[in-house]
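The values are calculated or read from the model by the stated rules, or taken from the named source; none is laboratory data. Quantities reported herein were computed from a predicted structural model and do not represent experimental measurements. Cβ atoms come from the backbone with ideal geometry, glycine included; neighbour counts cover every protein chain shown. The area values use the complete protein model at the heavy-atom level, side chains included, leaving out ligands, DNA and RNA. Shrake-Rupley method; radii C 1.70, N 1.55, O 1.52, S 1.80 Å.
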Protein chains: 4
Amino acid sequence: MKKNKPKYKQIIDAAVIIIAENGYHQAQVSKIAKQAGVADGTIYLYFKNKEDILISLFEEKMGIFIDKINEVIAGKQKASEKLLVMVENHFKILSDDHQLAVVTQLELRQSNKELRLKINDVLKEYLQLVDEILLYGIETEEFSKDLDVRLARQMVFGTIDETVTTWVMNEEKYDLVALAPAVHKLLTNGCRGL
Amino acid sequence: MKKNKPKYKQIIDAAVIIIAENGYHQAQVSKIAKQAGVADGTIYLYFKNKEDILISLFEEKMGIFIDKINEVIAGKQKASEKLLVMVENHFKILSDDHQLAVVTQLELRQSNKELRLKINDVLKEYLQLVDEILLYGIETEEFSKDLDVRLARQMVFGTIDETVTTWVMNEEKYDLVALAPAVHKLLTNGCRGL
Amino acid sequence: MKKNKPKYKQIIDAAVIIIAENGYHQAQVSKIAKQAGVADGTIYLYFKNKEDILISLFEEKMGIFIDKINEVIAGKQKASEKLLVMVENHFKILSDDHQLAVVTQLELRQSNKELRLKINDVLKEYLQLVDEILLYGIETEEFSKDLDVRLARQMVFGTIDETVTTWVMNEEKYDLVALAPAVHKLLTNGCRGL
Amino acid sequence: MKKNKPKYKQIIDAAVIIIAENGYHQAQVSKIAKQAGVADGTIYLYFKNKEDILISLFEEKMGIFIDKINEVIAGKQKASEKLLVMVENHFKILSDDHQLAVVTQLELRQSNKELRLKINDVLKEYLQLVDEILLYGIETEEFSKDLDVRLARQMVFGTIDETVTTWVMNEEKYDLVALAPAVHKLLTNGCRGL
DNA sequence: CATGAATGAGTGTTCATTCAT
DNA sequence: GATGAATGAACACTCATTCAT
């Protein structure tokens, strides 16, 4: 399995650094190879092509993301609490990794439609987590029984994503994690119904 | 003033069509020129460079957008009503113009960071509209006096934007405008506080 | 019509020179462009791709070849005489143009199968000339009425081609045109039957 | 002697198969190694480089070729008969081995000039056989005493080669061996003189 | 004003060969 | 002897922009 070989992760980490530092369109394969400390050709022993590096990058990082969120959610009983730790951890992970934040919020979105569609596939797993929390909240009557889960999920993800993107675009000048409670309040209010 | 000459709008409209049909990365200047019925060089009599076409496109369309929203907002007394007609009209304008929806939600986001920052400048005017409604709602006590306007604005815009993008990515298979009341409810609940 | 513009021929002539001097596999587009005195991109205003340059080169030169042969053949009454002037002129044209000889006999044959099949299409016109002479000779009873025209054509072309290739490979050390009468005698003896 | 080790022939046979199936330019060393059932590096224990595989392939196969022709020639008394069995066997060997025919007539000719010059060296042995027959024919007065042996050899080889190549390019749709008598007649007529 | 021919910088990917194991 | 992971040089083609007419 190539994914477990050290060079696989080495190349992905190099890609994050290069894309964060140079931007998506200036992230040439040769730059990534140099940063990873391998020859250009070695990249192609681990990845089908350049696009495959970027998709794998997203999969790899999003996997860590989802594992972490899953873990903290499991530790909470109430849907509202689950939502809070989700927002907190979402903000925290990106706060702690400046390069990852820039790459996922700004750079990778410049990729072409095909790549973005594949990235969306990876995102679906995250969106399902949101759905699960919302359904659980409806079940426990924390959230309105009339809640349109699809729309609520779009509110939750749209709000979180917009908040992070704004923060990144403002050069991360303020404390993102500190915003979690207020964001969480907006979201639960939205879901609770009147 | 170049903006009032017929070829200015002719080129912008050609750009929307070409980008919608071919995608951002396949929208060459020569294609846009051909669609507009002018020579390649003529483009540069009206626009500084290719990026300038795209920014102008966004400004032009967003201007229409904001004018329309402004108009319908003015006709409503309550902040909640203003928010509803804003969502309704946002959805309606993009529902009515498939090409514009594809271009703004998917294609233009593939542009580089610099262009996206400039697009964000244009967006600010729209975000100010949202702010005004929110502040008005706080004033009229429709919304919580503790509402963090910046965060609430991010929720409003993030939710609307995510809803439209999801709809476009799902090939506009369902009625977007019909979702406006439910989305509106989520947002006002969020802003109202418990 | 691009074929009549000066740069079209300019690029083809540059290609002959570059291929003759550097060999097929070292004839980069940029070298050809430089030799032709145009920018790399200009090549692509006149040719679809690199392969198209080579096919066009062959068509262009073979056209001149066939026109010349056609002309001299027409001036002769007997099939045997026609064959002689064909051989003489075939040898003469390549004797007079060292670079063309190297390109057609050695370099262009290194091209891939697809290109060679297209080159063969162009050659067919020449082979038809040979066929016409042979059929004419059978009609005038100069050649055996039992002659298998297809095989005889392969003998004529195979012998001429092998003779020229050997001459080029021997660095053109001897007088190719002087061999025409002897070659002609071999061929007419072959066709005449016992 | 490496040539007698089993892997030597194994690799050459693999090369014939891979080149016949994929074409000269798609016959990578790694493909040949896989087909031969050895590691890439193993190739280089038996051959200096890729070119060396191809030259050895040609030598090996041409050796068999020449041995066979030598054998059948020795059994005939008259030069004309020797020529006939040469043509017959040349056609027969390639008729019986489709892959070898494709490789020698089409694929190997795409190799670069240097390789083709080395291949020509190997061919010389075959051409000497032709020369011997021609000289023997002159001696026995079957052929014209004025025959230019070099040119006649080019006719013999050029005709045979062109006939085989045309047959391969026509996807071997007709019976090549059946053409031998007619080709032989053309050649002996040519050599006999008036 | 309008044209469109010409420019030329920039990059992902392949594959013969090596060499540490 | 045998392996196969790693190497790194090499190149066709696109397209935003210019400028002579």
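Using a 1.4 angstrom probe, figure out how much accessible area segment C:1-47 has per residue, in square angstrom, rounded to the nearest whole.
Per residue, segment C:1-47 has an accessible area of 54 Å².
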* Threshold 20 Å², segment B:139-154 residues less accessible with all protein chains present than alone (1.4 Å probe) -> B:ARG150, B:LEU151, B:GLN154
* **Space enclosed by the convex hull of the alpha-carbon atoms of segment B:136-194, per residue, Å³** => 78 Å³
* To do: Compute the projected area of the convex hull of the Cα atoms of segment D:64-132, averaged over all viewing directions, and report it in nm² to one decimal place.
  => 4.8 nm²
* Output, in nm with one decimal and in ascending order, the distances from the D:LYS113 label point to the matching label points of the other copies (7 Å from Cα along Cα-to-Cβ). => 2.6, 4.9, 5.1
* Asked: Each label point is 7 Å from the Cα along the Cα-to-Cβ direction; what then is the distance between the points at D:LYS48 and A:GLN28, in nm?
  -> 3.6 nm
* C-alpha long axis of helix A:79-96 to longest principal axis of chain A, angle in ° -> 30 degrees
* Roughly what would the spin-label model give for C:GLU141 and B:ARG150, points 7 Å off Cα along C-beta, in nm? -> 10.9 nm
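To the nearest 0.05, how large is the calculated FRET efficiency for D:ASN4 and D:TYR174 if R₀ is 60 Å and r is the Cβ-Cβ distance? Can you show the working numbers first?
Numbers: r = 39 Å, r/R0 = 0.65.
Approximately 0.95, to the nearest 0.05.
Under 8 Å for C-alpha pairs, at least 6 residues apart: give me the relative contact order for chain C, rounded to a whole percent. Write out the running numbers ahead of the final one.
Numbers: 171 pairs, mean separation 43.1, N = 194.
After rounding, I find 22 percent.
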* Quote the FRET efficiency, to the nearest 0.05, computed for B:GLU125 versus A:ALA39 with a Förster distance R0 of 41 Å and r equal to the Cβ-Cβ distance. => 0.25
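Rounded to the nearest 100 Å², what's the accessible area chains B and A bury against each other, both chains counted, probe 1.4 Å?
Numbers: alone 10450 and 10470 Å², together 17870 Å².
The buried area between B and A, both sides summed, comes to about 3100 Å².
Taking each residue in C:180-191, count the Cβ atoms of any other chain within 10 Å of its Cβ, then average. What number comes out? Intermediate values should be presented prior to the final figure.
On the way: counts 0, 0, 7, 6, 0, 8, 15, 5, 3, 12, 11, 3.
Mean number of neighbouring Cβ atoms from other chains: 6.
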* Teacher prompt: B:ASP40 distances to equivalent labels in other copies, 7 Å Cα→Cβ, nm -> 1.7, 2.7, 4.1
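Could you look at segment B:35-124 and say what percent of its accessible area is carbon and sulfur, using a 1.4 Å probe and all protein chains?
Working: 2020 of 4000 Å².
Here it works out to 50 percent.
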* Give the share of C-alpha pairs in each 5 angstrom bin for segment B:1-47, from 0 to the last occupied bin, in whole percents, shortest bins first. => 5, 26, 32, 23, 11, 3, 0
* **Whether segment A:1-87 is rounded, prolate or oblate, judged on the alpha carbon gyration tensor where a/c under 1.5 counts as rounded** => prolate
* Structure fact -> Using the Kirkwood radius over Cα pairs of segment C:51-192, the Stokes-Einstein translational diffusion coefficient at 4 °C and 1.567 mPa s, in µm²/s and rounded to a whole number, is 83 µm²/s
* Quick one: angle between helix B:149-169 and the longest Cα principal axis of chain B, in degrees between 0 and 90, rounded to 10, please. => 50 degrees
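Taking a probe of 1.4 Å, how large is the accessible area per residue of segment D:60-130, in Å²?
Values: 3090 Å² over 71 residues.
Accessible area per residue: 44 Å².
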* Asked: In degrees from 0 to 90, rounded to the nearest 10, what is the angle of the helix C:50-74 Cα long axis to the longest principal axis of chain C?
  -> 30 degrees
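Net charge near A:TYR8, counting Lys/Arg +1 and Asp/Glu -1 over other residues with Cβ under 11 Å of its Cβ?
Details: positive: A:LYS2, A:LYS3, A:LYS5, A:LYS7, A:LYS9; negative: A:ASP13, A:GLU60.
That sum, taken over residues with Cβ under 11 Å, equals +3.
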* Structure fact -> With T = 37 °C, eta = 0.692 mPa s and Kirkwood Rh from C-alpha pairs, the Stokes-Einstein D of the protein assembly as shown in µm²/s is about 100 µm²/s
